[in-house]
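One structure below.
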Amino acid sequence: MNYKIRAELAVFEKMPDQAKISHEELERDGFCQNPFFECLVAEVSDEHRSKDGHTVVGYGLYYYTYSTWKGRSVYLEDLYVMPEFRGNGIGKGLMCKVAKVTAEKQCVRLQLAVLDWNSPARDFYAAKGAQDLTDSEGWHFIRFDGLSLDNLVKDAPKD
Amino acid sequence: MEFTIRAANVDDCKDIERMIMELAECEKAIDEVKITKRDLEQDGFSKNPFFHGIIVEVPERHKTKEGHTKVGYALYFFSYSSFKGRAVFMEDLYVMPEFRGKGIGKALMSKVAQLGLAAGCQQLNFTVLDWNKPSLDFYFSQGCTDITAEKGYHYMCCKGEALEHLAQP
C-alpha cells in the first residue's frame with residue numbers, strides 16, 4: 001500500500017500524530033494467512049499520474065465483522081481519494097466495489113464511522129442510503145487502549 | 001461465586017443463541033434478531049470464522065432454575081485501524097441477570113482484552129446505547145473512552161435496498 005495515501009488521510013482527520021502504522025505492518029497484517037483486513041486501490045493510467053508521480057490515487061480498506069442479530073457484515077475502515085482526483089466518481093466507485101464484495105461474501109450490512117463535522121462525507125453517505133445509527137438509535141463507540149487496556153488485562157482470570 | 005471462562009465451541013451455539021435472545025430483549029430489540037443456531041455454527045466454527053466466543057460456566061450447584069450452567073458470554077472479532085493497527089471488537093457482552101454483580105462481566109471483558117493483546121491488538125472497541133446507563137457506568141468505571149462523545153464519530157450502516165443500490169455501478 002502507498003504510505004503517502006494513508007498519511008494524508010490522517011492529516012485530513014486532524015490527527016496526524018495518531019498515524020503510527022508502518023507499511024511493513026500493513027504488509028504483515030493484510031497479506032498474511034489470516035488477514036486482518038482487505039484493501040481495494042484505485043489506480044489511474046500513467047498519463048493521469050499525480051503531480052508527485054503516483055498512479056495509486058485512492059483506496060478502500062475493510063474487514064469482516066459479525067452481528068449476533070443480523071449475521072455477517074463488512075466494516076469499511078477507510079475510504080480515501082487524493083484531493084486532486086476527487087469529483088471524478090472514484091470514491092463512489094470504491095464504495096460500489098466494497099458493496100459488491102459485501103454481497104459476494106453474503107454479508108447483510110456495510111458499516112462505517114464518519115466524523116460529525118465531516119459534512120461532505122456525511123452527505124455522500126446519506127445520499128447512498130446509509131443510516132446514522134448514532135443519531136437514530138443512540139449507539140456510541142467505546143474504546144479501551146494504552147493504559148486503560150493494560151489495566152483491564154491485569155484483572156483477567158487465570159486459565 | 002465460583003465460575004470458569006473458556007473458549008466457546010460449536011456445542012455452545014444453542015446456549016449462545018438463547019443468551020443472544022435474552023440480550024436482545026434487554027436492548028428492547030427482540031424482533032431484530034435474525035440469526036439462528038445454524039448460522040452461529042457455520043459462521044463461528046468454520047475454517048475462516050467471522051467471530052470468536054468465550055463462555056462463562058458455573059458449577060451444577062449454582063445452575064439456574066431452568067437448569068443452565070452456561071450463564072454468560074462474550075463474542076468478539078479482530079478489526080483494524082490504519083492508524084494504530086490490529087484491534088479487537090467486542091460485539092456482545094452478556095451475563096444472565098441473576099448472575100450479575102459478581103464480577104463475571106468484568107472477568108469476561110478482561111479476558112477479551114487479554115486475548116486481544118495476545119494477538120497483537122492495540123485497542124478493544126465496542127458500542128453501547130446511550131440510554132443504557134448501567135452499562136455505560138460499568139464501562140466508564142473500567143477506564144474506557146467514549147469515542148463518539150469525545151471525537152464525534154458516528155456509526156453508519158448501509159443495508160437492504162440501499163446496499164443493493166450501492167453495489168450497482
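The values are calculated or read from the model by the stated rules, or taken from the named source; none is laboratory data. Just so we're clear, the structure is a prediction, and the values are computed from it rather than from any experiment. So basically every Cβ, Gly included, is an ideal-geometry build from the backbone, and we count neighbours across all protein chains shown.
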Practice prompt. Determine the pairs where a residue that is closer than 18 Å to A:Glu38 by Cβ and in contact (Cβ under 8 Å) with a residue 24 or more places away in the chain, located within the stretch A:69-86, has a partner that is surrounded by fewer than 21 Cβ atoms within 10 Å (Cβ to Cβ) and among the acidic types (Asp, Glu) with Cβ atoms under 8 Å apart, the partner being 6 or more residues away or on another chain.
Written response: A:Arg72/B:Asp43; A:Tyr80/A:Glu8
Worksheet item: Can you find a residue in the stretch A:101-122 that is among the acidic types (Asp, Glu), more than 30 Å from B:Ile16 (Cα to Cα) and in contact with a helix residue (DSSP H, G or I) (Cβ under 8 Å, 6 or more places away or on another chain)?
Response: yes
Discussion item. Based on this model, can you work out whether B:Gly120 counts as more than 7 Å from chain A (Cβ to nearest Cβ) and more than 25 Å from B:Glu25 (Cβ to Cβ)?
Written reply: yes
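Each row is one residue, and each column tells you yes or no for (1) over 19 Å from A:Leu133 (Cα atoms); (2) touching a Ser or Thr at 6+ places or on another chain (Cβ under 8 Å).
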site: B:Leu115; (1), (2): yes, no
site: B:Ala118; (1), (2): yes, no
site: B:Asn125; (1), (2): no, yes
site: B:Asp137; (1), (2): yes, no
site: B:Lys151; (1), (2): no, no
site: B:Ala162; (1), (2): no, no
Item to complete: Go through the stretch A:19-59 and count every residue that is more than 11 Å from chain B (Cβ to nearest Cβ) and within 21 Å of A:Gln111 (Cα to Cα).
Response: 4
Worksheet item: Any idea how many residues of the stretch B:35-58 are of a type in the set (Val, Ile, Thr) and in contact (Cβ under 8 Å) with a residue 60 or more places away in the chain?
Response: 1
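For the structure I just gave you, tell me whether A:Asp150 is acidic (Asp, Glu), more than 7 Å from chain B (Cβ to nearest Cβ), assigned to a helix (DSSP H, G or I) and out of contact with any Leu (no Cβ under 7 Å at 6 or more places or on another chain). Even if it seems obvious, please write down each step before you answer.
Working: acidic (Asp, Glu): yes; more than 7 Å from chain B (Cβ to nearest Cβ): yes; assigned to a helix (DSSP H, G or I): yes; out of contact with any Leu (no Cβ under 7 Å at 6 or more places or on another chain): yes.
In short, yes.
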Practice prompt. Hey, can you tell me all the residues within the stretch B:85-103 that are within 11 Å of chain A (Cβ to nearest Cβ) and acidic (Asp, Glu)?
Written response: B:Glu91, B:Asp92
Discussion item. Which residue is farthest from A:Glu77 (Cα to Cα), if the candidates are limited to the stretch A:19-50 and must be among the charged types (D, E, K, R) and out of contact with any strand residue (DSSP E or B) (no Cβ under 7 Å at 6 or more places or on another chain)?
Written reply: A:Glu47
Worksheet item: Can you tell me which residues in the stretch A:85-100 are more than 9 Å from chain B (Cβ to nearest Cβ) and of a type in the set (Val, Ile, Thr)?
Response: A:Ile90
Practice prompt. Need at least 2 residues that are buried (at least 18 other Cβ atoms within 10 Å of the Cβ) and of a type in the set (Phe, Trp, Tyr) per element, so show me which strands (runs of 3 or more DSSP E) inside the stretch B:11-107 make the cut, counting only ones lying wholly within it.
Written response: B:70-81, B:85-95
Fill in: Selection status of A:Gly87, modelled with pLDDT under 90 and not in a helix (DSSP H, G or I)
yes
Practice prompt. Output yes when any residue across the stretch A:89-107 is of a type in the set (A, V, I, L, M) and without any contact (Cβ under 8 Å) to a residue 12 or more places away in the chain, and no when none is.
Written response: yes
Worksheet item: Just wondering, is there one or more residues in the stretch A:61-84 that are over 21 Å from B:Ala74 (Cα atoms), more than 8 Å from every other protein chain (Cβ to nearest Cβ), part of a helix (DSSP H, G or I) and of a type in the set (A, V, I, L, M)?
Response: no
